[in-house]
Amino acid sequence: MGNYINLEQKGEPTYYPKRTEEDGRIYFKTMSVDDIYNLVRVVTYPYSDAFCFVNNDNNNKLMIGDCKIFDRSIKYFDKEYGKVIEVFINGDFVVNCLDGLLLVTNYEPKITGKGDILF
């Protein structure tokens, strides 16, 4: 089909370390809405979902399986990053992020309420 030249690798071989659970941690205070969205997409099935904690409680872990960028133009500067701004009747909720709003559509457990802080 085409011609190619097989070249020997130069230098020391390298590898990327094994993924750990901590690689899926969402940091609402420092990550952009795009970074969070992309992280959730990357660490979904077959890996464990992205996660954060609710209301400064390390025993209250929230696993996020799917989300969407809700809006980049609306910003709540008076609200803490990671604060749940709105919860819809179907359970989906909107989170205030550094540079926009994130809509979380698939998560476990179903416990998040308006005003909760995700960290």
(request) With label points built 7 Å along Cα→Cβ from the Cα atoms of Asp66 and Glu21, find their separation and express it in nm. (result) 2.5 nm
(message) Loop-only trypsin sites (Lys or Arg not before Pro) in segment 40-119, please: DSSP not H, G, I, E or B, and at most 15 other Cβ atoms within 10 Å.
(response) Arg72, Lys75, Lys79, Lys110, Lys114
(request) Taking log10 I(q)/I(0) by the Debye sum over Cα atoms at q = 0.11, 0.16 Å⁻¹ as the quantity of interest, determine which of (i) -0.33, -0.71; (ii) -0.42, -0.71; (iii) -0.37, -0.77 was computed from the displayed structure. (result) (ii)
(message) Using the Cα centre of the chain as the reference point, and only Cβ charges (+1 on K/R, -1 on D/E), how large is the resulting charge dipole? Debye, rounded to the nearest 20.
(response) 80 debye
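Please rank Ile64, Ile5, fewest neighbouring Cβ atoms within 10 Å first, as an exposure proxy.
Working: Ile64 25, Ile5 4.
By the 10 Å Cβ count, ascending: Ile5, Ile64.
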(message) At a threshold of 8 angstrom on Cα-Cα distance, excluding pairs fewer than six apart, so keeping six or more, what relative contact order does segment 23-108 reach in percent?
(response) 31 percent
(request) Give me Phe88, Phe28 ranked fewest to most by other Cβ atoms within 10 Å of their Cβ, as a rough exposure proxy. (result) Phe88, Phe28
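Quick note: the coordinates plus some simple rules give every number you see, no bench work behind them. Nothing here was measured: the structure is a model prediction, and the numbers come from that model. Glycine also receives a Cβ, built like all others from the backbone with ideal geometry; neighbour counts cover every protein chain displayed.
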